[in-house]
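So the structure is just underneath, and the comments pick up after that.
The values are calculated or read from the model by the stated rules, or taken from the named source; none is laboratory data. Small disclaimer: the values here were computed from a predicted structure and weren't measured. Neighbour counts run over all protein chains shown; Cβ positions are idealised from the backbone, glycine included.
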Amino acid sequence: MSDRANPRALLLGTPGVSRDRLNALVLAGQMRATAGPYYPDDPYEVETVGERLVLLSSEDEAVALVQVTRVDVFAFSAVPLEFVAAEGYHSVEEWRRDHRAWFAAEGMDLAEDTMLLCLWFRLLDEPPPPSRPARP
C-alpha cells in the first residue's frame, strides 16, 4: 500500500479519449467505481479501503485525489447493479456490453466466470500531490 504522502496512481481506461472521458465523469461525480481483471496470484498489491490514489490524465499528470471506499471481487456475470450504477451505467446489460468491447480491444476475453476487482472510491476535495505517483 502507498503512504499518504506518496499515493499510487489510478489509471482509468486507455490514454486518450477513453481516459479523458472517464476522468471527466469522476470529476463530475458521475463515476465512483472502476473494475479490472483480478488475478489472485499477481504480485500487484490490491488497493485497500482508505487508501488514497492519484487520478492521472493521459499525459500522466495528476488530475485529482480519490480515496478507496470499498473493494470487492466478483465474477463478470455477478457484478451487481449497485456497482454498475457507481461506474455511471444505467443497466447491467449496457455495462457488460461496454466492458466486453473494451477488454476485447485490449486483447482480453471476458468470460462469465472472469473475476473482476471492483474498486469503489470517492473524490476528495483537496489537490493531488505535486509529485508523480507510482504507476501500478
Only one of 54, 73, 68, 63 is in a strand (DSSP E or B), touching a Leu at 6+ places or on another chain (Cβ under 7 Å) and either more than 24 Å from residue 126 (Cβ to Cβ) or among the aromatic types (Phe, Trp, Tyr) (or both). Can you tell me which?
73
Sole residue being surrounded by 15 or more Cβ atoms within 10 Å (Cβ to Cβ), of a type in the set (Ser, Thr, Tyr), without any contact (Cβ under 8 Å) to a residue 60 or more places away in the chain and in contact with a helix residue (DSSP H, G or I) (Cβ under 9 Å, 6 or more places away or on another chain), chosen from 91, 58:
58
For residue 93, indicate whether it is assigned to a helix (DSSP H, G or I) and not hydrophobic (A, V, I, L, M, F, W, C).
yes
Kindly establish whether residue 113 is modelled with pLDDT under 95, closer than 20 Å to residue 40 by Cβ, surrounded by fewer than 13 Cβ atoms within 10 Å (Cβ to Cβ) and over 17 Å from the mean Cα position of the chain (by Cα).
no
Need pairs with beta-carbon distance below 6 Å; first residue more than 14 Å from residue 73 (Cα to Cα) and free of Cβ contacts under 8 Å to residues at least 12 places away in the same chain and within the stretch 28-46, second of a type outside the set (Asp, Glu) and buried (at least 16 other Cβ atoms within 10 Å of the Cβ); sequence gap 6+ or separate chains.
none
